[in-house]
Amino acid sequence: MTFTYVVTNRWLAFRLDLGIVVLSIAASISCIILKGDVDSELLSFSLQIITDFAIYFSISVRCMTEMQNYMTSAQAIHKYT
């Protein structure tokens, strides 16, 4: 892996994690606001889903960008041979 690839991957990971943190904070605040109106099981389930979404979203975007990088490399090899 090249330095540029690593730096770009780190930048993307930071941006994705920042977006997920904002989404998690918004979900947590809405859970606090809705504490008396909605069942506590449903609120804890929604926080668990947000946590799972954060993990799987980050992994899937990283895998997608890595696959796209490999496909671009394969296309360049095919084009120049």
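The values are calculated or read from the model by the stated rules, or taken from the named source; none is laboratory data. No experiment lies behind these values; they were computed from the predicted model shown. Every residue, glycine among them, receives a Cβ derived from its backbone with ideal geometry; neighbour counts consider all protein chains shown. We work out accessible area using only protein heavy atoms, side chains counted, and drop any ligands, DNA or RNA first. Shrake-Rupley method; radii C 1.70, N 1.55, O 1.52, S 1.80 Å.
In the set (1) 39; (2) 46; (3) 60, which value of percent of Cα pairs over 17 Å apart was calculated from the structure you see?
(3)
Can you put 81, 51 in order of accessible area, largest first, using a 1.4 Å probe? Walk me through the intermediate numbers first.
Numbers: 81 135, 51 70 Å².
Listed by decreasing accessible area, they come as 81, 51.
Run the simple label-point estimate for residue 60 and residue 32 please: 7 Å along Cα→C-beta, distance reported in nm.
2.9
What do you reckon, how do 17, 39 stack up by accessible area (1.4 Å probe), largest on top?
My answer, sorted largest first, is 39, 17.
Suppose the chain between residue 67 and residue 79 were pulled fully straight at 0.36 nm per residue; how much longer would it get relative to their current alpha carbon spacing?
Stretched fully, the residue 67-residue 79 segment lengthens by 2.5 nm.
Within the accessible area of the chain, what % is carbon and sulfur when the probe is 1.4 Å and the other protein chains stay in place? Before the final figure, lay out the partial values.
Values: 4680 of 6710 Å².
Ligands and nucleic acids excluded, carbon and sulfur reach 70 percent.
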